[in-house]
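The values are calculated or read from the model by the stated rules, or taken from the named source; none is laboratory data. It should be emphasised that the depicted structure is a prediction, and the values quoted were computed from it without experimental measurement. FYI the Cβ positions are ideal-geometry reconstructions off the backbone, even for glycines, and counts take in every protein chain you see.
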Amino acid sequence: MEDALRDMWRSVANFAPKLVAFLVILIIGWILAKLIAKAIDKILEKVGFDRAVERGGVKKALARSNYDASTIVSKIIYYALLLIVLQLAFGVFGPNPISELIAGVIAFLPRLLVAVIIIVVAAAIAAAVRDIVSNALSGLSYGRMLANIASIAILGLGAIAALNQVGIALTVTLPVLIAILGTIGGILVVGVGGGLIKPMQQRWEDYLSRAESEGRNMREHLNSRDRETTVLPTTAASPQPGYSPGGGQQGAGQYGYTEGAPRYSNEPQYQSDPRYPSAPQYPNDPGGRTSPTGPPTGPYPTGQPTGYDDPSGGRHTGMPGGQQYPYGGDRGGRQ
């Protein structure tokens, strides 16, 4: 009896440290796994992992899920770390079936991670191919259908590759993969022979013609704007109708320049009287003075123009009928 009790206490004494080590490893490992999972979740959110996955076509698959892509990845890493912690914790007790099971699951995790990456990449490629095919064949009635078929085929290939990676149903997935590849090849052969090339060629010709037309219209619009905005240089004073360059200058002030008299085509012509000189001559004036102190006296024929220079410097010229030109003009020049 004493020996049995002694053996029992010896077993408890040997098991107690192992149990304490198991609990310590389990608690510390659990805390570390939680911290690492949270850190990975925050890092993935900051680098835009969720947006990249949504553009890859996984958004619809996660539409009804309570977790986003970064949270799912952090959860997977968390449970993977827990498995490692459990393996270490149960390893304290020596070789046991639980440790062997956990070791098998841990060995399976890298292949599972690679399979998940294959699915994500295949989904991204499928979404890109669907958009390209749908836009290229948008003018055809069966364009969207072909785009969906191509997307589903790529997703199927990705799923088969992922299953092969994890080693599930190799005898089933390999023949399915061969059949899918053969079907795609047959569709391409039939499509090329049935006229898929011709619609695509017409589509590209339409695109090129439209681009050329738009470029031509844009160039014409820019040229017309340049012509409208061109400003021709203008002079300070443009000549008036009937202006003769040899008759003097004009265009400034109320009555124009006072250097010379402008010549107009509609200017009235007067017959000169041979009895009178073209310029008045005054007696006792050897220099031909034109500014007397008063108007000249003498009999002038009725109806003939008369004129004189007053002391202020202005010239009065009498016209038939009593018409008077403005006062204050140039000496000898009519205004």
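Among the residues of the range 86-106, how many are under 28 Å from residue 119 (Cα atoms) and not small (Gly, Ala, Ser)?
Qualifying residue count, the range 86-106: 4.
Could you tell me whether residue 80 is assigned to a helix (DSSP H, G or I) and in contact with a helix residue (DSSP H, G or I) (Cβ under 8 Å, 6 or more places away or on another chain)? Yes; evaluated as a whole, the condition is true for this residue.
Please indicate, with yes or no, whether at least one residue in the range 105-123 is loosely packed, with under 14 Cβ neighbours inside 10 Å and either outside any helix (DSSP H, G or I) or among the hydroxyl-bearing types (Ser, Thr, Tyr) (or both). No - not one qualifying residue is present in the range 105-123. Of all residues in the range 1-30, those that are modelled with pLDDT of 90 or more and exposed (fewer than 11 other Cβ atoms within 10 Å of the Cβ) total 0.
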